[in-house]
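What follows is a set of notes on a single structure, which appears directly below.
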Amino acid sequence: MAFLEASNVSKVYHDKQNQEIVALSNFTLSVAEREFITIIGPSGCGKSSFLFLAAGLEPLTSGVLNFNGKPVKGPDPLSAMVFQEYLLFPWKTVRENIEFGPELRRIPKVHRRETSANLIKMVGLEGFENRYPNELSGGMQQRVSIARALANTPRLILMDEPFGALDALTRETLQIELLKIWQQAKCTVLFVTHSIPEAVYLADRVVVVSKRPGKIKEVVKIDLPRPREREMFTSPRFIEYERYLKNLILEEI
Ligand SMILES: Nc1ncnc2c1ncn2[C@@H]1O[C@H](COP(=O)(O)OP(=O)(O)O)[C@@H](O)[C@H]1O
Ligand SMILES: [Mg+2]
């Protein structure tokens, strides 16, 4: 059975005039445990909406959405979301931000400290434990957000254009690190991006969403070996995937 299973999911919002906005319709996708899925599609096609539904932060309008064998009914401690805006608590230090979830779950302090120390190491923030978010670069803040999500040992991480606001070099570094973290944490990732090369580089499968109302246009399996080397970006196969996906997107805009 799939780890995350969306079957004919639809999501309808209402605007201020009470007009229906159909964000998703007939959205069907099956994700296996430990898969790395990237999602691309035109602006406004419902990518964020799908992550919100999967995270249990928004109810679906119709269809079936199961996570870990059960219908998604609300936020699940086994899933965590990472946004483009880092959404850290400005009055908390790096360590306190990361320990926030475990603290809510009443994990004893020694264990919280151990978890945060491991994660700080994993995301390369040693030495910055006692800094506040406004003392950190965007890339470092996003590392904190990732560590904060991981602090609850989620099995599903939902990432909504997490590297969208970062400069190219930081983005590249974080892509490499995210793949390492994903392998270490043995979790499943759903990652929305606007960048086709990023989508190809990270994914086991790239999900292409049609223009609104979003449904799956095509799912492209990325048959490139792991670990993924950066040299891959210039390999003929990589470029072919990129070209193919770009054409699919162009058909939608
Ligand atoms: N809370 C909301 N209320 C009303 N409309 C919304 C809401 N959230 C998203 N939408 C609309 O749903 C559509 C899909 O949005 P979204 O999922 O954010 O797309 P994407 O992330 O692909 O850009 C858009 O037309 C957007 O304006
Ligand atoms: Mg979005």
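Would you point out which residue out of Thr234, Thr170, Thr193, Thr188 is β-branched (Val, Ile, Thr), without any contact (Cβ under 8 Å) to a residue 40 or more places away in the chain and surrounded by 15 or more Cβ atoms within 10 Å (Cβ to Cβ)?
Details: Thr234 fails: surrounded by 15 or more Cβ atoms within 10 Å (Cβ to Cβ); Thr193 fails: without any contact (Cβ under 8 Å) to a residue 40 or more places away in the chain; Thr188 fails: without any contact (Cβ under 8 Å) to a residue 40 or more places away in the chain.
Answer to the check: Thr170.
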> Considering the stretch 81-114 alone, what residues qualify as being in a helix (DSSP H, G or I) and hydroxyl-bearing (Ser, Thr, Tyr)?
Replying inline: none
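Suppose we filter the stretch 10-55 for residues that are of a type in the set (Ser, Thr, Tyr), in a loop (DSSP other than H, G, I, E, B) and more than 13 Å from ligand 2 (Cβ to nearest atom); how many remain?
Restricting attention to the stretch 10-55, the residues satisfying the condition of being of a type in the set (Ser, Thr, Tyr) are 10, 13, 25, 28, 30, 38, 43, 48-49.
Now drop any that are not in a loop (DSSP other than H, G, I, E, B), which leaves 43.
After this cut, where a residue has to be more than 13 Å from ligand 2 (Cβ to nearest atom) as well, the list is none.
Counting residues in the stretch 10-55 that are of a type in the set (Ser, Thr, Tyr), in a loop (DSSP other than H, G, I, E, B) and more than 13 Å from ligand 2 (Cβ to nearest atom) gives 0.
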> Inside the stretch 135-253, counting only helices (runs of 4 or more DSSP H) that do not spill past its ends, which hold 2 or more residues that are assigned by TED's automatic domain parsing to the domain that holds Arg105 and of a type in the set (D, E, K, R)?
Replying inline: 138-150
>> Let me spell it out: the conditions are (1) among the charged types (D, E, K, R); (2) touching a Leu at 6+ places or on another chain (Cβ under 7 Å); (3) more than 10 Å from ligand 1 (Cβ to nearest atom), and Lys73 meets all of them except one. Which number is the exception?
In response: (2)
> Residue check, Asn66 against (1) more than 25 Å from Leu174 (Cβ to Cβ); (2) in a strand (DSSP E or B); (3) within 16 Å of ligand 2 (Cβ to nearest atom), all met but one. Which one?
Replying inline: (3)
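The values are calculated or read from the model by the stated rules, or taken from the named source; none is laboratory data. Given the structure is predicted, the values throughout are model-derived calculations rather than measurements. Heads up, the Cβs are rebuilt from the backbone with ideal geometry, glycines too, and the neighbour counts pull from every protein chain shown.
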